[in-house]
1. Does at least one position in region 378-385 carry a residue that is more than 28 Å from residue 299 (Cβ to Cβ), at pLDDT 90 or above and more than 26 Å from the chain's Cα centre (by Cα)?
2. Which of (1) more than 11 Å from the chain's Cα centre (by Cα); (2) surrounded by 21 or more Cβ atoms within 10 Å (Cβ to Cβ) does residue 222 not meet, given it meets every other one?
3. Against the definition (assigned to a helix (DSSP H, G or I), touching a helix residue (DSSP H, G or I) at 6+ places or on another chain (Cβ under 9 Å), modelled with pLDDT under 95 and under 18 Å from residue 275 (Cβ atoms)), how does residue 232 come out, yes or no?
4. Considering only residues that are over 23 Å from residue 88 (Cβ atoms) and assigned to a loop (DSSP other than H, G, I, E, B), look in region 22-52 and name the one that is modelled with the lowest pLDDT.
5. Suppose the filter is touching a residue at least 12 places away in the same chain (Cβ under 8 Å), farther than 28 Å from residue 104 by Cβ, more than 24 Å from the chain's Cα centre (by Cα) and outside any loop (DSSP other than H, G, I, E, B); does residue 187 pass it?
6. Which members of region 384-397 meet the condition of being surrounded by 13 or more Cβ atoms within 10 Å (Cβ to Cβ), out of contact with any strand residue (DSSP E or B) (no Cβ under 8 Å at 6 or more places or on another chain) and farther than 30 Å from residue 63 by Cβ?
7. Is it the case that region 82-99 has a residue that's modelled with pLDDT of 90 or more, assigned to a helix (DSSP H, G or I), surrounded by fewer than 16 Cβ atoms within 10 Å (Cβ to Cβ) and within 32 Å of the chain's Cα centre (by Cα)?
């Protein structure tokens with residue numbers, strides 16, 4: 001009887017020991033799995049950069065699928081496949097920027113020449129100068145410009161988002177944005193506009209000393225009819241801000257932000273400036289483009305940048321229609337300087353809480369370092385810069 005009890009106790013002890021071994025093994029496996037998961041990069045923050053805006057990121061496994069492997073480590077230098085995928089996204093942005101510029105420039109010229117030819121056929125006695133003056137002063141040129149730029153911005157924004165698999169709905173999911181922030185951003189943009197205006201005046205003075213002018217826009221006598229003026233105002237104050245933000249802060253910023261948000265901010269600002277085709281507007285568009293990209297990153301949406309863009313364009317349009325002479329000009333400048341000072345305060349408050357994203361060593365090798373070797377990006381930059389230089393050099397005082 002005692003032998004039977006002893007044998008039962010022995011089996012019980014073995015069973016208990018096996019259970020304890022199983023429990024410890026399971027605990028060790030769970031601990032190792034948890035540690036591996038902790039060591040695995042977050043696909044929405046693969047470089048561990050707390051200064052970037054995580055909500056604006058896409059899943060980096062689209063670029064580097066092994067990143068979801070437990071305990072995977074991202075190398076300092078990107079491997080072949082990662083480089084290839086990142087350059088694909090940069091190429092998408094670069095080619096879309098290039099085609100947007102080429103389409104808007106060539107299509108506008110072709111359509112304008114076609115209209116001029118038709119009018120001259122209907123009026124054989126008319127010459128090129130008189131016909132162009134008529135088209136420019138009527139609603140025709142304003143309407144052509146509006147249609148061309150809408151098509152260029154929207155078509156290539158949609159193409160870029162399609163090729164980069166960017167969901168349009170992701171562009172308008174706005175976070176932490178209210179009327180207070182809208183006012184803060186608009187006044188900050190006012191300071192940027194005033195600052196860039198002073199910079200443009202100084203740069204123009206330098207060019208003037210050498211017989212050139214930075215003012216390459218021939219806007220005198222344009223859209224003087226009521227319909228032409230209405231089309232021009234609607235496009236400048238509403239349609240242009242919406243479509244340009246869709247292209248530059250919607251598609252281009254998101255495509256360029258795959259690995260390095262800081263690079264994306266400055267790259268899109270440069271292309272935004274070059275797209276305006278003249279140095280004064282480049283100054284404003286570049287500086288404002290940095291700010292617009294920043295608030296887009298912060299709120300994960302192009303809505304805040306659209307509001308600011310509409311505000312700036314509307315303000316400039318209203319200012320252009322005002323009779324600013326004598327005492328009116330003095331009062332206006334005082335008000336403008338006061339608004340600019342308040343805008344500077346708003347900008348400093350914003351920047352004190354929200355810094356531009358910094359760049360880690362690994363990200364620096366995946367931003368400009370890769371983009372500068374991407375043909376589409378270089379082609380877009382060189383062509384637009386060459387066009388801007390050509391306009392400057394051909395515009396003598």
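The values are calculated or read from the model by the stated rules, or taken from the named source; none is laboratory data. Since the structure is predicted, the reported quantities are computational estimates derived from the model, not experimental observations. Don't worry about glycine lacking a Cβ; one is built from the backbone with ideal geometry, like all the others, and counts go over all protein chains shown.
1. Among the residues of region 378-385, not one is more than 28 Å from residue 299 (Cβ to Cβ), at pLDDT 90 or above and more than 26 Å from the chain's Cα centre (by Cα), which makes the answer no.
2. Residue 222 satisfies every listed condition except (2).
3. no
4. Only one residue fits best here, namely 40.
5. Here the answer is no, as residue 187 does not meet what is asked.
6. 387, 388, 391 - these are the residues of region 384-397 that are surrounded by 13 or more Cβ atoms within 10 Å (Cβ to Cβ), out of contact with any strand residue (DSSP E or B) (no Cβ under 8 Å at 6 or more places or on another chain) and farther than 30 Å from residue 63 by Cβ.
7. Yes.
Residue by residue, here is whether (1) at pLDDT 95 or above; (2) surrounded by fewer than 16 Cβ atoms within 10 Å (Cβ to Cβ); (3) under 30 Å from residue 353 (Cβ atoms); (4) in contact with a helix residue (DSSP H, G or I) (Cβ under 9 Å, 6 or more places away or on another chain) holds:
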position	(1), (2), (3), (4)
110	no, yes, no, no
160	yes, no, no, yes
167	no, yes, yes, yes
173	no, yes, yes, yes
181	yes, no, yes, yes
